[in-house]
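The values are calculated or read from the model by the stated rules, or taken from the named source; none is laboratory data. Everything numeric in this text was worked out from a predicted model, so none of it was measured. Positions of Cβ are backbone-derived with ideal geometry, glycine not excepted, and every protein chain shown enters the neighbour counts.
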Amino acid sequence: MSRAHNFSAGPSALPLPVLRKVQADLLNYRGTGTSVIEVSHRSPEFVDIAERAERTLREILAIGDDYWVLFMQGGATLQFAFVPLNLSRPGETVEYLYNGAWSGKAIREARRLRSVHIVGESQDSVPPPDSWIRAEFSKYLHITSNETISGVQFRKFPEQLDVPLVADMSSDILTRVIDVNQFGLIYASAQKNVGPAGLTVVIVRRDLCRPLEEGGSEYLNYRAHAERESMYNTPNTFAWYVAGLVFDWVKESGGVAEMQRRSIERSGRLYEVIDESNLYTNTIAPEFRSRTNVTFNLEDESLSADFLAQASKANIKHIRGHRLVGGFRISLYNAIECESVSHLINFMQEFERECAKK
Ligand code: PMP
């Protein structure tokens with residue numbers, strides 16, 4: 001079987017052992033005579049899968065009992081509204097750091113609902129916390145830990161903030177060691193490091209979740225989901241099941257610390273090639289460069305179409321940059337194997353050598 005070297009930004013490659021397990025389980029899950037996607041979310045089979053997934057995630061991220069872990073739908077995009085609706089009231093101020101397209105989208109949605117104070121702005125870096133201009137009173141401060149489009153990432157999160165820190169970790173959750181206790185709320189859509197699209201993981205400190213208020217939507221309330229074990233309505237059972245297998249795979253592979261080690265190694269090798277090259281360029285300062293989304297341009301942009309075509313011939317897929325910024329983007333999520341990175345690097349170096357000859 002020939003699998004592509006798939007560097008898609010999301011939905012993206014899943015670990016091969018997980019896909020094989022899904023394949024094996026599909027017609028007959030553990031002798032039940034049905035597949036996981038054909039049974040009720042309230043059946044004992046699925047409830048067991050759901051509970052196991054949560055337990056394993058709690059274990060690999062060391063999530064304490066003072067946090068709820070929710071498996072939701074609507075993508076990270078729905079969280080752009082959920083967060084302000086649940087962590088603040090109308091008229092209250094909330095703080096956001098702007099450092100790229102995704103934080104921009106979170107801000108745009110929050111502005112429709114609350115008074116938003118921007119603490120710092122940058123397109124190609126993470127303004128350091130000591131430069132942030134803070135609001136006098138706010139209910140939380142929102143950051144995007146990794147900007148998937150530009151390839152800009154937080155290395156170190158602010159410590160001892162006086163308001164709850166909220167992080168969109170859609171593109172780097174489980175790729176780095178974090179201390180969950182530093183955050184009031186973490187959310188991440190699944191389709192990069194967790195599982196199939198259509199599932200969103202939310203880790204939220206219980207005391208931040210307000211009770212349902214008169215006139216407020218019940219569905220748009222974290223507590224409503226938490227009190228029903230994320231089964232307020234029919235969940236995306238397939239994605240939840242696959243996520244559970246991914247969590248098992250992370251645990252069996254050495255946990256998040258090992259994922260982080262691999263992430264540093266993979267991205268380090270690729271940035272080294274870019275930095276040593278006369279053809280590939282990345283202008284982001286090394287301390288902000290994403291370890292999960294490596295972006296670059298070609299010095300001579302007229303070579304781009306040829307680069308893409310040759311890459312595709314070499315079975316290297318989904319490397320075109322986001323339509324907003326162009327160029328190229330190599331997404332190096334947890335499932336990307338070392339051999340794929342080596343294959344890509346060999347291809348890039350060979351392409352550059354061939355160009356130099358012309
Ligand atoms: N935030 C970040 C950092 C993302 O990378 C993405 C998706 N690429 C989103 C939010 C939006 O996720 P979704 O499409 O699942 O709503």
Whether any residue in the range 125-132 is within 16 Å of the ligand (Cβ to nearest atom), farther than 24 Å from TYR219 by Cα, outside any strand (DSSP E or B) and at pLDDT below 95 is what I want to check.
no
Criterion violated by THR283 - all others in (1) buried (at least 16 other Cβ atoms within 10 Å of the Cβ); (2) of a type outside the set (A, V, I, L, M, F, W, C); (3) at pLDDT below 95 satisfied:
(1)
Members of the range 136-194 found to be within 12 Å of the ligand (Cβ to nearest atom), of a type in the set (S, T, N, Q) and over 13 Å from the mean Cα position of the chain (by Cα), listed by number
SER150
For the range 102-118, pairs from a residue that is farther than 15 Å from GLU92 by Cα and among the aromatic types (Phe, Trp, Tyr) to a residue that is in a strand (DSSP E or B) and within 13 Å of the ligand (Cβ to nearest atom), with Cβ under 8 Å and 6 or more apart or across chains, are TRP102/THR144; TRP102/GLU147; TRP102/ASP168
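Looking at PHE238, is it over 29 Å from ARG323 (Cα atoms) and not polar (S, T, N, Q)?
Criteria met by PHE238.
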Across the range 141-160, what is the number of residues that are free of Cβ contacts under 8 Å to residues at least 60 places away in the same chain and in contact with a strand residue (DSSP E or B) (Cβ under 6 Å, 6 or more places away or on another chain)?
5
Of all residues in the range 133-174 being assigned to a strand (DSSP E or B) and among the β-branched types (Val, Ile, Thr), which is surrounded by the most Cβ atoms within 10 Å (Cβ to Cβ)?
THR144
Could you grab me the full set of residues in the range 27-38 that are closer than 20 Å to THR234 by Cα and outside any helix (DSSP H, G or I)?
THR34, SER35
If you take just the helices (runs of 4 or more DSSP H) that sit entirely in the range 188-280, which of them hold at least 2 residues that are within 30 Å of GLU354 (Cβ to Cβ)?
255-276
Do we find a residue being part of a strand (DSSP E or B), buried (at least 17 other Cβ atoms within 10 Å of the Cβ), modelled with pLDDT of 95 or more and away from the ligand (no atom under 16 Å from the Cβ) anywhere in the range 72-90?
no
Taking only pairs six or more apart or across chains, which ones have beta-carbon atoms under 7 Å, a first residue in the range 8-30 that is in contact (Cβ under 8 Å) with a residue 12 or more places away in the chain, and a second residue that is outside any loop (DSSP other than H, G, I, E, B) and of a type in the set (Phe, Trp, Tyr)?
PRO15/TRP249; PRO17/TRP249; VAL18/TRP249
